[in-house]
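Student: First the structure, then my questions, so here it is.
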Amino acid sequence: MKKITWYIVFGIVAILTSCQKEYEPVPTEEIQQGTPTFRIVPGFPEGFEAGTKTAYTIGTVNFGTGSWTLDNALVGNTTSDKKVGTKSVRITGTGFLTMNFDISTGAKAVTLQHAVFGTDAASTWELQVSTNSGSTWTRVGNPVTTSAQTLQSITFTMNYSGNVRFRIAKTGGSGRINIDEFTIDDNSVETPTRDDNIALGNPSNATTDTNNPNNYLVIKPQFALSYNNSKGIANWVSWHLSTAWKGSAARCDCFAADASLPSTFFRATSSHYTNTGFDRGHLCPSEDRDGSSDDNRATFNMTNIIPQAPNNNQITWKALEDYCRVLINSGNELYIIAGTYGQGGSGTNGNANTIANGQIVVPARLWKIVVVLPVGSNDISRINTSTRVIAVDMPNTQTVNSQPWGNYRTTVDAIEAATGYDFLSNVPASIQAVIESRVDNGPTL
């Protein structure tokens with residue numbers, strides 16, 4: 001079953017579960033354990049970037065994961081090769097791409113990307129598995145026909161324990177095919193954890209220097225943020241989300257001034273929003289932090305709140321928040337950064353540039369960046385050029401809900417240009433260049 005189908009299934013389950021949730025305290029140690037999921041084998045995905053082979057004659061190549069044999073296959077790096085990064089494997093005739101090493105922990109799934117080389121005709125191929133170190137091979141799933149001229153992702157599900165290795169066998173067709181981003185999920189169980197909320201970087205280089213009141217760093221156990229004293233709201237809020245953060249704590253609805261701000265700073269209160277026509281909109285959602293009453297209470301600090309158009313907060317923005325929780329219920333963990341820019345939005349009372357006698361700026365735009373990873377450890381090292389990154393930029397208006405949230409997708413690069421921030425700065429620059437320039441086209445359930 002392809003991943004998009006799993007997203008739909010888990011989405012329905014998550015919605016039904018949410019509707020039936022009873023709010024009872026959950027011990028912290030139970031929350032920290034999270035829901036087990038199977039991990040990606042260390043070193044994968046294999047992007048075939050490390051090796052070089054320029055001829056179709058049989059030969060072995062050492063890639064990042066180990067030794068592979070390429071028979072009627074080479075490492076392609078031309079403009080006609082479909083690839084993530086600079087290289088992919090190109091197979092012709094009835095060629096093979098074969099692992100020369102075993103994965104000792106078995107396999108639950110193999111995911112890869114495939115496309116025709118250039119404008120070649122369609123070809124057929126199959127994934128094969130060996131459980132005896134390459135002595136014999138068995139087909140996994142059904143044969144595949146590749147006809148698309150852009151990379152397509154495909155997942156083969158299975159249930160192998162012990163030693164396994166895989167190969168791609170091209171079985172028919174006059175064209176050539178490209179294979180890239182070869183990933184194996186093994187039988188080792190990963191347990192979701194609560195990770196560093198600012199692990200991917202500090203976008204504005206915020207500090208705790210009170211002489212820098214418009215880029216003041218606030219770090220809480222539940223999230224990190226940059227506070228802008230002249231605007232009375234955060235520039236951005238950054239948080240990690242996995243099922244380890246989830247529980248059954250009740251929504252506290254306890255909006256309060258943030259006592260952690262220096263006493264010389266403006267501290268917004270809930271009453272500053274009264275009768276303004278704007279919602280007290282969360283950047284880090286309350287429902288992302290219901291693992292304990294303390295976690296939930298933290299999201300009601302007014303430094304996490306912005307003046308948000310009700311239709312934005314309650315419909316379009318909320319739909320994206322809900323989708324993020326669907327993702328973590330389907331075996332992922334997320335790194336999320338959200339913020340605002342510009343001035344002037346529309347609420348139920350019409351347009352406004354500020355509220356609270358000018359002390360709080362009404363933002364013109366809301367943006368969010370979501371980095372999606374399978375549950376695992378050493379997260380930054382697992383981000384690669386095929387990592388899904390969802391970036392949205394939407395107006396802070398009452399008409400925003402005329403389109404679903406997916407229609408507001410953009411690139412990280414575009415949000416950087418609008419805000420002046422440097423996102424994902426702890427990710428290697430070569431990987432940033434790829435994932436920050438790409439508009440997400442994944443499911444939006």
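Student: Ser153 - would you say it is in contact with a Leu (Cβ under 8 Å, 6 or more places away or on another chain) and either in a strand (DSSP E or B) or more than 22 Å from Asn187 (Cβ to Cβ) (or both)?
Tutor: yes
Student: Could you please let me know if Asn349 is out of contact with any Pro (no Cβ under 8 Å at 6 or more places or on another chain), farther than 25 Å from Leu445 by Cα and touching a residue at least 60 places away in the same chain (Cβ under 8 Å)?
Tutor: yes
Student: So, one more: Considering only the range 345-394, state which residues are surrounded by fewer than 16 Cβ atoms within 10 Å (Cβ to Cβ), more than 27 Å from Thr274 (Cβ to Cβ) and of a type in the set (Ser, Thr, Tyr).
Tutor: Passing the criteria: Ser377, Ser381.
Student: Then there's this: Count, please, the residues in the range 64-98 that happen to be without any contact (Cβ under 8 Å) to a residue 24 or more places away in the chain and either closer than 21 Å to Glu126 by Cβ or in contact with a Leu (Cβ under 7 Å, 6 or more places away or on another chain) (or both).
Tutor: The total comes to 1.
Student: Further question on the same structure: Which of the residues belonging to the range 361-382 are among the β-branched types (Val, Ile, Thr), closer than 20 Å to Pro192 by Cα and either at pLDDT 95 or above or in contact with a strand residue (DSSP E or B) (Cβ under 7 Å, 6 or more places away or on another chain) (or both)?
Tutor: Val370, Val371, Val372, Val375
Student: Now for a separate question. From the list Arg167, Arg176, which residue is in contact with a Lys or Arg (Cβ under 7 Å, 6 or more places away or on another chain), crowded, with 18+ Cβ neighbours inside 10 Å, outside the structural domain of Ser260 (by TED's automatic domain parsing) and modelled with pLDDT of 95 or more?
Tutor: Of the residues listed, the single one that is in contact with a Lys or Arg (Cβ under 7 Å, 6 or more places away or on another chain), crowded, with 18+ Cβ neighbours inside 10 Å, outside the structural domain of Ser260 (by TED's automatic domain parsing) and modelled with pLDDT of 95 or more is Arg176.
Student: If you don't mind, there's one more thing I want to ask. I need a count of the residues in the range 215-265 that are within 22 Å of Ile355 (Cβ to Cβ), among the charged types (D, E, K, R) and either surrounded by 21 or more Cβ atoms within 10 Å (Cβ to Cβ) or in contact with a strand residue (DSSP E or B) (Cβ under 7 Å, 6 or more places away or on another chain) (or both).
Tutor: Matching residues across the range 215-265 total 2.
Student: What residue, of Thr145, Thr208, is modelled with pLDDT of 95 or more, under 28 Å from Ile58 (Cα atoms) and hydroxyl-bearing (Ser, Thr, Tyr)?
Tutor: Thr145
Student: In the range 346-370, what count of residues is obtained for those that are touching a helix residue (DSSP H, G or I) at 6+ places or on another chain (Cβ under 8 Å) and either more than 26 Å from Gly406 (Cα to Cα) or assigned to a strand (DSSP E or B) (or both)?
Tutor: 11
Student: Here is a follow-up. Taking the range 84-120, which residues are in a loop (DSSP other than H, G, I, E, B) and either at pLDDT below 95 or closer than 17 Å to Thr145 by Cα (or both)?
Tutor: Val84, Gly85, Thr86, Ser104, Thr105, Gly106, Phe117, Gly118, Thr119, Asp120
The values are calculated or read from the model by the stated rules, or taken from the named source; none is laboratory data. These numbers come from a predicted model, not from an experiment. Cβ coordinates were reconstructed from backbone atoms using ideal geometry, including for glycine residues, and neighbour counts include every protein chain displayed.
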